[in-house]
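Okay, structure first, notes after.
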Amino acid sequence: MHDAFAVAVEQWPSSGIPANPRAWLVSTGRFRAIDGLRRRARFDASLVELAQRIDTVTGNPMTWDGDGIEDDRLRLIFTCCHPALVPDAQLALTLREVCGLTTEEIAHAFLTAPPTVAQRIVRAKARIRDARIPYQVPTGSELPDRLDSVLLVIYLVFNEGYAASAGPALTRADLSGEAIRLGRLLVALLPEPEAIGLLALMLLHEARRPGRTSETGELILLEDQNRLLWNHQQIREGATLVERALASRRFGPYTLQAAIAAVHAESPTAARTDWRQIVGLYDVLLRTEPSPVVELNRAAAVAMRDGPAAGLALIDPILSRGDLADYHLAHSARADLCRRLGRTAEARAGYLRALELTRLEPERRFLERRLAELG
């Protein structure tokens, strides 16, 4: 493929970009590989047979458009999510090798240490090699066994794109866009309610991207966003998908999160948000998939419905257990409630702790502004 790209650099400026660049590169790379094998065949007779097999079995690569269900990246995700691998290794390997996240970004998503993630990746690669796990989308009967892992991988990729773990920008449109593309492919391949729910969730969150930052890249809270900037076509599509998933009555946590996102996205103003409905959906989500992060989000919703004191009474036990001790959003959420209650010293301590933990520059600047406002 390196040779194919080199030829493209030489030829395309004068001959123009082909109608199907991917197919052109695949075809050129294939012929270069065959030529290379044939040149080396005099040193290894087995390569003659291999070159002949590549030449006759692969068919015409110029017909490959990359838009069908047999998408390379989706196929590779299913390979990495093979049942022979333990779930943590599936996720770490896929996020690193398929989606290009760094070990540190994956560790942030798992709320764990980078060396632990690195060890999982090494063990997963060895397992794929030793078990000779095939590079393919599984058959229809095998798909359900891998669906949960694939959904989680796509969800984590989207999360890193929607709210980056580190760096100068709040979002990474390349990652969230790729996650949505994979979500659409997955729904076409296996239109299960949770696959539909995940696609809805990603679309509803992505719709708000234009309003989440200022022109200078500063973070804008949901309550202060200009809702006219939101992508209302994506909101309509996402809401329709939520209704479709809910109607199946076989939905799970992704559909419930999408339903919460739909309430936010369809509210004409922040003041008219139906917090009672959102808290009710979080109650169901917490029963379906209990986690400290869901508890935290529910506490924030309760604070909006019943006041900051009610939210603080729920957040304090979560932090006291130590489950989210290194999660900057938990500390900033508590700090915000303390600020609203006039408990300035506690608010300052919470914002400072959040500032220590976050590596995202827009969030750091936002926290610094909050501290400056406290005096």
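The values are calculated or read from the model by the stated rules, or taken from the named source; none is laboratory data. Just so you know, these numbers come straight off a predicted model, no measurement behind them. Cβ coordinates were reconstructed from backbone atoms using ideal geometry, including for glycine residues, and neighbour counts include every protein chain displayed. The area values use the complete protein model at the heavy-atom level, side chains included, leaving out ligands, DNA and RNA. Shrake-Rupley method; radii C 1.70, N 1.55, O 1.52, S 1.80 Å.
Per residue, the chain exposes an accessible area of 51 Å² to a 1.4 Å probe, with every protein chain left in place.
In segment 168-245 the Cα-Cα distances spread across 10 Å bins starting at 0 as 19, 45, 28, 8, 0 percent of all pairs.
Along segment 157-173 the Karplus relation, 6.51 cos²θ - 1.76 cosθ + 1.60 evaluated at θ = phi - 60°, assigns HN-Hα couplings of 4, 4, 4, 5, x, 7, 9, 4, 7, 7, x, x, 10, 5, 10, 10, 4 Hz to successive residues, with x for each Gly and Pro.
What shape does segment 122-184 have by the C-alpha gyration tensor, where a ≥ b ≥ c are the square roots of the eigenvalues, rounded means a/c under 1.5, and otherwise prolate means a/b greater than b/c and oblate the rest? It is oblate, given that a/c is not under 1.5 and a/b is not larger than b/c. Measuring how big the chain is from its alpha-carbon positions, Rg and Dmax come out at 24.2, 82 Å.
If you run the Gaussian network model on the chain, springs between alpha carbon atoms under 10 Å, then out of R209, R340, R348 the most flexible one is R340. Label sites at V284 and E368, each approximated as a point 7 angstrom past Cα along Cα to Cβ, lie 4.3 nm apart. Atom-type composition of the exposed protein surface of the chain places 53 percent of the accessible area on carbon and sulfur (1.4 angstrom probe). Relative to its Kirkwood radius, the Cα radius of gyration of segment 229-278 gives an Rg/Rh of 0.98.
As a rough guide to protection, the peptides 87-94, 189-196, 15-22 ranked by mean Cβ packing within 10 Å, highest first, stand as 87-94, 189-196, 15-22. Among the trypsin sites (Lys or Arg not before Pro) in segment 215-249, those placed in a DSSP loop whose Cβ has at most 14 other Cβ atoms within 10 Å are R249. Mean projection of the Cα convex hull over all viewing directions, computed for segment 290-375: 5.3 nm². According to the Cα-based calculation, Rg over Rh for segment 132-283 is 1.00, with Rh computed by the Kirkwood formula. For segment 71-189, the square roots a ≥ b ≥ c of the C-alpha gyration tensor eigenvalues yield an a/c of 1.5 or more together with a/b not exceeding b/c, which makes the shape oblate. Going by alpha carbons, how many degrees (0 to 90, nearest 10) lie between the helix axis of 253-266 and the longest principal axis of the chain? Its long axis makes an angle of about 60 degrees.
Based on the alpha-carbon gyration tensor of segment 232-375 and its eigenvalue square roots a ≥ b ≥ c, which shape applies: rounded if a/c is under 1.5, prolate if not and a/b is larger than b/c, or oblate? Judged from the Cα gyration tensor, segment 232-375 comes out prolate (a/c at least 1.5, a/b above b/c). When you restrict to C-alpha pairs under 8 Å that are six or more residues apart and normalise by the size of the chain, the relative contact order lands at 11 percent. Within the listed set L324, L201, L285, the residue fluctuating most in the Gaussian network model of the chain (springs between alpha-carbon atoms under 10 angstrom) is L324.
Close amide H pairs (under 5 Å, H built 1.01 Å from N) link T213 with I220, residues at least 5 positions away or on another chain.
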